[in-house]
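Here's the structure, in structure tokens; my notes come after.
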Amino acid sequence: MILIYVKKVNPRIEYISKLIFNQILQTEIAFSTNSSEFRKSDLPKLNYSTDKFDDEFYIKPHRLMFSRAMIKPNIEPVWYEGNKYFCESSQDSDLPFDPLAASFYLVSRHEEYTETVRDHLDRFHAKQSILTKYDLLKKPVVNIWAKLLGEKLKERYPVLEFTETPFRFISTIDIDNAWAYKNKGTMRESANLLRSFIKNRAEYKERMKVLRGKAKDPYDTYEYLDSVFNGNEDKVLFFFLLGDYARYDKNISHKNTQYQKLIRDIRKKYKVGIHPSFASSKKGNRKKTGVERARLESILGEEVDKSRQHFLRIQFPKSYRRLIKSGILEDYTMGYSCVSGFRAGICTPYYFYDVERETTTNLLITPFQILDGTFTHYQQLKPEQAWEEIKGIMTEVKKVGGTFVSVWHNETVNNKGIWKGFQTVFEEMNRLGFAWANGKEN
């Protein structure tokens with residue numbers, strides 16, 4: 001038990017303290033607002049106030065923890081033992097930065113509430129993040145800071161013991177388009193045939209072979225995925241796109257019986273979630289997420305409480321509020337499309353804090369670190385370069401006992417076109433991830 005002194009327990013302090021101490025450091029905390037009782041206590045103590053007392057561990061809180069204005073704060077870097085931090089504390093504090101405030105700034109995504117610059121899909125861009133500016137995006141800094149705080153507290157109070165959390169690995173697959181050529185419906189198939197006949201004869205020939213049953217659809221990689229995941233099905237999660245056909249949602253119809261059968265077959269082995277459409281994140285479409293979730297539930301005959309936004313489109317706080325209202329309990333959207341790393345600076349699942357309403361919600365956010373399209377569409381990396389990137393980030397997660405999550409698609413593991421060679425990357429990532437998650441080193 002660690003006793004934390006604050007002059008007043010506000011929602012921000014309570015939220016981030018529980019995340020750091022309960023969830024990451026796996027220890028209990030209690031708050032005290034009585035300075036006399038705090039000073040008399042024999043428990044390990046953290047004084048988180050503007051008044052330093054005796055020899056207790058002391059951190060002066062950053063003003064961010066008491067601000068209610070939704071403005072972009074002025075946050076300057078702080079150097080300590082050769083590393084860069086932010087949210088300065090004070091000279092008499094035991095750390096020159098406030099790890100609670102810095103962590104709150106990241107996991108609450110405060111910067112995404114106030115930043116107005118967006119990409120072409122109206123998404124927060126990684127280059128606008130403080131972690132990019134301080135060259136910290138490739139590090140799970142919230143976990144690192146939590147462990148640093150734990151180490152410093154243990155130096156002061158040797159009686160403290162922190163339980164090490166094991167490395168977890170979750171391999172996720174987004175099904176944006178279950179098949180490249182099959183089960184599109186007569187009108188779409190006819191239009192696609194005509195277009196490929198005019199523009200791409202090689203594709204036309206392949207398409208005809210697939211439709212005549214003489215070749216396998218290039219997106220039909222489900223048997224291959226089963227072979228990679230064999231024995232580790234509990235560490236795999238599939239997300240299905242069931243929105244209406246539109247410019248950014250070119251999926252198979254949710255009414256298609258073959259698509260429904262595929263979904264049910266996959267559910268027999270793996271956990272599944274809804275992949276809310278791009279259209280569901282647009283203004284005026286607040287009910288679409290609930291409609292699409294209901295479609296998946298109707299196909300499966302069971303409740304669905306997991307999601308990941310199509311195109312990773314999150315807008316704070318309305319996207320998460322929409323998910324909560326739709327009955328979603330876990331979301332896996334927290335990550336970037338353009339770069340690998342730690343969007344919220346953390347690799348531990350955590351609950352969404354609504355900054356505007358100053359309240360902790362019941363929506364559990366599980367961040368991901370790796371997206372297949374990052375390597376090809378944005379960074380143009382070779383397979384061997386992508387694997388080095390993945391292995392490096394997996395190692396960072398393992399060091400802090402976090403949860404590594406990757407995002408791939410059924411079509412990106414077919415070893416064709418721009419994905420030539422990436423099948424090996426996918427296999428190596430899962431082999432190593434499953435081994436580490438199962439307590440093996442290789």
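Looking at the range 1-33, which of its residues are aliphatic (A, V, I, L, M) and part of a strand (DSSP E or B)? Of everything in the range 1-33, those that are aliphatic (A, V, I, L, M) and part of a strand (DSSP E or B) turn out to be ILE2, LEU3, ILE4, ILE29, ALA30.
Residues that are among the aliphatic types (A, V, I, L, M) and in contact with a Ser or Thr (Cβ under 8 Å, 6 or more places away or on another chain) were ranked within the range 336-354; the one that is surrounded by the fewest Cβ atoms within 10 Å (Cβ to Cβ) is VAL339. Can you name the residue in the range 266-288 that is at pLDDT below 95 and in a loop (DSSP other than H, G, I, E, B) and, of all such residues, is surrounded by the most Cβ atoms within 10 Å (Cβ to Cβ)? My answer is PHE278. Taking the criterion of being free of Cβ contacts under 8 Å to residues at least 60 places away in the same chain and surrounded by 15 or more Cβ atoms within 10 Å (Cβ to Cβ), the residues of the range 400-422 that qualify are THR412, ASN415, TRP419, PHE422. Out of the residues in the range 127-154 that are aliphatic (A, V, I, L, M) and not in a helix (DSSP H, G or I), which is nearest to VAL78 (Cα to Cα)? Filtering first and then ranking leaves LEU136. Return a yes/no flag: does the range 238-258 have any residue that is in contact with an Asp or Glu (Cβ under 9 Å, 6 or more places away or on another chain), assigned to a helix (DSSP H, G or I) and touching a residue at least 40 places away in the same chain (Cβ under 8 Å). No, every residue in the range 238-258 fails to be in contact with an Asp or Glu (Cβ under 9 Å, 6 or more places away or on another chain), assigned to a helix (DSSP H, G or I) and touching a residue at least 40 places away in the same chain (Cβ under 8 Å).
For ASP234, the requirement of being loosely packed, with under 15 Cβ neighbours inside 10 Å, in the same structural domain as GLU427 (by TED's automatic domain parsing), modelled with pLDDT of 85 or more and under 26 Å from THR403 (Cβ atoms) is met. Listed by first and then second residue, the pairs with beta-carbon distance under 9 Å, at least 6 apart or on different chains, first residue in the range 132-156 and without any contact (Cβ under 8 Å) to a residue 24 or more places away in the chain, second in a helix (DSSP H, G or I) and surrounded by fewer than 16 Cβ atoms within 10 Å (Cβ to Cβ), are LYS133/LYS127. Out of all the residues in the range 176-225, which are surrounded by 14 or more Cβ atoms within 10 Å (Cβ to Cβ), without any contact (Cβ under 8 Å) to a residue 40 or more places away in the chain and among the hydrophobic types (A, V, I, L, M, F, W, C)? Of everything in the range 176-225, those that are surrounded by 14 or more Cβ atoms within 10 Å (Cβ to Cβ), without any contact (Cβ under 8 Å) to a residue 40 or more places away in the chain and among the hydrophobic types (A, V, I, L, M, F, W, C) turn out to be LEU193, PHE197, MET208, VAL210, LEU211, ALA215. Filtering GLU411, GLU384, GLU396 for residues that are in a helix (DSSP H, G or I), outside the structural domain of SER103 (by TED's automatic domain parsing), more than 18 Å from the chain's Cα centre (by Cα) and under 29 Å from SER319 (Cβ atoms) leaves a single hit, GLU411.
The values are calculated or read from the model by the stated rules, or taken from the named source; none is laboratory data. The shown structure was predicted, so the numbers you read here are calculated from the model rather than taken from an experiment. Backbone-built Cβ (ideal geometry, glycine too); neighbour counts: all protein chains shown.
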